[in-house]
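Read the structure below first, then the notes.
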Amino acid sequence: MEHTEDAITISKSELERLVAVEIAKQSLPRTRRDFASVAIRDQDILKINKQYPTVNEMLSHTYTSAHGIGIHPEELRGYGNHERSVFKRNRDVRGYSQWSHEKVYNRDIHEAIRKLSILTTGCTLIRELEPDELDFALGVYEDFKQLFLEKYNQRLSSEEERNRH
């Protein structure tokens, strides 16, 4: 069976115009859209931590014991300021004899909220989202971020009360 194609005739100027339009589509500046504009920031956590003096004091230092390294415990005060980190009640050991009250960083929170926000659209990757789905996911991120900050603030309020007694 022989296949024949229909031939069409267009002018050279019309062909040049069509090619120029397609090239222009490919070279248009693309707007990069991601979660950077809504991301949780160090300042969001710091603002909450600063409201609670006991918690803030514990986050302000990396501590060390005098045992084994010959350094007086006070010598590391002010070293490793973690005021922008999420407070951890039980200290997290660093190395041989240092500890601090932090383990979770803002990037960990951001990644968890970002993934949940994308999942609400039925997708797993940002590149799978249509522009309107991305707008929706950004709004969901904002909602989750506010909920996280409210719950974190509530938790620190309880921690502060616990430390007073």
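Each reported figure results from applying straightforward, stated rules to the coordinates on display, with no laboratory input. Since the model is a prediction, treat every value here as computed from it, not as a measurement. Cβ: placed from backbone, ideal geometry, glycine included. Neighbour counts: every protein chain shown.
Among all the aspartates and glutamates, which ones have a C-alpha under 18 Å from Lys12's C-alpha, if same-chain residues fewer than 8 places away are not counted?
Glu22
What is the gain in length, in nm to one decimal, between Leu46 and Ile8 on full extension, counting 0.36 nm per residue of separation less the C-alpha to C-alpha distance?
Gain on extension, Leu46 to Ile8, equals 6.9 nm.
Which lysines have a Cα less than 26 Å from the Cα of Lys88, not counting those fewer than 8 places away in the same chain?
Reachable lysines: Lys47, Lys50, Lys103, Lys115, Lys145, Lys151.
Can you order the peptides 12-24, 140-152, 118-130 by their average number of other Cβ atoms within 10 Å per residue, highest first?
Ranking the peptides 12-24, 140-152, 118-130 by packing returns 140-152, 118-130, 12-24.
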